[in-house]
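Have a look at the structure below, then the notes.
The values are calculated or read from the model by the stated rules, or taken from the named source; none is laboratory data. Since this is a predicted model, take the numbers as computed values, not measurements. No Cβ is skipped: glycine too gets one built from the backbone with ideal geometry, and neighbour counts run over all protein chains shown.
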Amino acid sequence: MFDDYLTWKPFFDIAPMLLDDCRAVSDLHGQRFARQWGDGEIASLLMQPGVFGFCAFQTNAFFSRPLGGFALSREAAGEAEILTIGVAEKVGRSGLGWRLMQAALREATVRGVETMFLEVEENNVAAVGLYRRLGFEQVARRPAYYAAADGTRSAALVMRRDLR
Ligand SMILES: CC(C)(COP(=O)(O)OP(=O)(O)OC[C@H]1O[C@@H](n2cnc3c(N)ncnc32)[C@H](O)[C@@H]1OP(=O)(O)O)[C@@H](O)C(=O)NCCC(=O)NCCS
């Protein structure tokens with residue numbers, strides 16, 4: 001993982017997600033979500049028309065290129081949605097989520113998207129904070145939408161942001 005003892009501060013580049021990245025994205029997805037998406041699942045999404053993603057790779061690690069985060073989005077007919085986004089816990093709150101979302105918003109704009117949507121668990125303070133700071137606004141609330149392993153349920157917020 002991140003070579004803390006060699007580099008006191010990791011630096012990251014944001015790059016388009018490639019099929020070769022799907023294994024690493026799946027591994028990190030499994031660390032951040034209760035249901036891991038397999039690399040095949042991510043690859044088949046990435047190959048669908050309108051789907052694009054970004055990865056944050058550490059550029060100053062000595063022996064590898066650790067993945068710090070990813071975002072996957074889909075656009076169709078002038079609208080886009082964030083399918084998933086995750087940042088490694090160890091480098092959380094260092095701006096990677098922001099940078100990945102900015103990359104996705106920029107790419108969506110280039111593709112002619114007018115509105116970006118996403119869905120987020122109401123109690124996900126970090127994600128809701130990130131999206132609000134990016135200018136997303138709540139347009140719907142789906143009560144008891146998500147079910148946790150212990151049976152508790154939580155609401156989903158649908159949020160949107162105009163890109164034009
Ligand atoms: C949500 C997530 C992607 C945020 O990534 P991140 O790299 O830690 O976020 P950033 O450092 O870019 O934060 C940008 C802004 O988001 C908000 N934010 C991020 N983490 C927050 C937290 N724990 N509490 C409150 N606000 C938070 C803040 O406004 C922050 O700006 P600030 O640090 O200047 O105050 C990350 O926490 C994550 O991977 N969570 C697990 C997976 C997940 O829930 N994905 C979203 C599913 S909808």
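Residues that are of a type in the set (A, V, I, L, M) and more than 13 Å from the ligand (Cβ to nearest atom) within the stretch 120-154 comprise Val139, Ala140, Ala144, Ala147, Ala148, Ala149, listed in sequence order.
Only residues that are surrounded by fewer than 15 Cβ atoms within 10 Å (Cβ to Cβ) and assigned to a strand (DSSP E or B) were counted across the stretch 116-140, and they come to 4. Taken over the stretch 11-39, residues that are within 16 Å of the ligand (Cβ to nearest atom), crowded, with 16+ Cβ neighbours inside 10 Å and in a helix (DSSP H, G or I) amount to 6. Any residue that is within 21 Å of Leu18 (Cβ to Cβ) and among the hydroxyl-bearing types (Ser, Thr, Tyr) - is there at least one of those in the stretch 91-114? Among the residues of the stretch 91-114, not one is within 21 Å of Leu18 (Cβ to Cβ) and among the hydroxyl-bearing types (Ser, Thr, Tyr), which makes the answer no.
Taking (1) over 11 Å from the mean Cα position of the chain (by Cα); (2) within 16 Å of the ligand (Cβ to nearest atom); (3) closer than 22 Å to Asp13 by Cα in turn, Ala108 satisfies each apart from (2). Here the condition is being over 30 Å from Gln58 (Cβ atoms) and modelled with pLDDT of 95 or more; of Arg132, Arg106, Arg111, Arg142, it holds for Arg142 alone.
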